[in-house]
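Everything below concerns the one structure shown next.
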Amino acid sequence: LHDEGRGTNVYPNLPAALYRPCRRKPRSNHRRGHADVAALSPLGPRESSRNGPRSRPDRFVEEGMAQERFFQSQVDFLMNMSKPHPVRMLGDVEGLAMNATRMYVSDLGHRLAVQSGTYGLVWSMLGPDVDPLRQVVCSLRSNGEFDVTEIAKIYGGGGHRNAAGFETSLEAMRQILA
């Protein structure tokens, strides 16, 4: 994304993998500093590749697959970097827990559930300026017949059999992980 008038990157925090300068000249009514969404759109103008022209749907699929591979490589990295912590939240049933940002909750939770054979808990801090009783968001995932809503209900949450969640205090989270 590029502001042709100033020659600067409009969104400096945008990852380089997603940045592709706009090839079009700005229209006269094009707002200065406004990001050209078409620059990132997989439905932009038809392009040619070494093997001939690629259609818009083909390019859309290719870019989507590349993004998914990149995301899964980040999930792999997090699984290898952090050691899952065993937890018992429902009697003697043991699951695995991990702290991660909200972006990875579903994929990490699923992998933890598969690894434990029961459930995975991924928790994230919301920040100091949030109600102290709701500073931690917990997401539960299970694989198969294990019902994580039973755990979520204990802590005032809810959800579905294979995906549920709740919010709790930092102190309560310390007790869960103890």
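What FRET efficiency would be calculated for the residue pair GLU62, THR101, taking the C-beta separation as r and a Förster radius of 30 Å, to the nearest 0.05? It would help to have the intermediate numbers written out before the result.
On the way: r = 27 Å, r/R0 = 0.90.
Approximately 0.65, to the nearest 0.05.
Near VAL93, within a Cβ-to-Cβ distance under 13 Å, what is the net charge of the other residues, with Lys and Arg +1 and Asp and Glu -1?
Residues near VAL93 contribute -4 overall.
Using label points projected 7 Å from each Cα along Cα→Cβ, tell me how many nm separate SER73 and GLU94, to one decimal.
It works out to 3.4 nm between the two label points.
What is the sum of charges around ASN162, taking Lys and Arg as +1, Asp and Glu as -1, for the other residues whose C-beta is under 13 Å from the C-beta of ASN162? Show your work: numbers first, answer last.
On the way: positive: ARG141, ARG161; negative: GLU145, ASP147, GLU150.
Around ASN162, the surrounding residues sum to -1.
Where a number appears in this text, it was derived from the coordinates with a stated rule and is not lab data. All figures in this text were calculated on a predicted structure; none of them were measured in a lab. We place every Cβ from the backbone using ideal geometry, glycine too, and count neighbours over all the protein chains shown.
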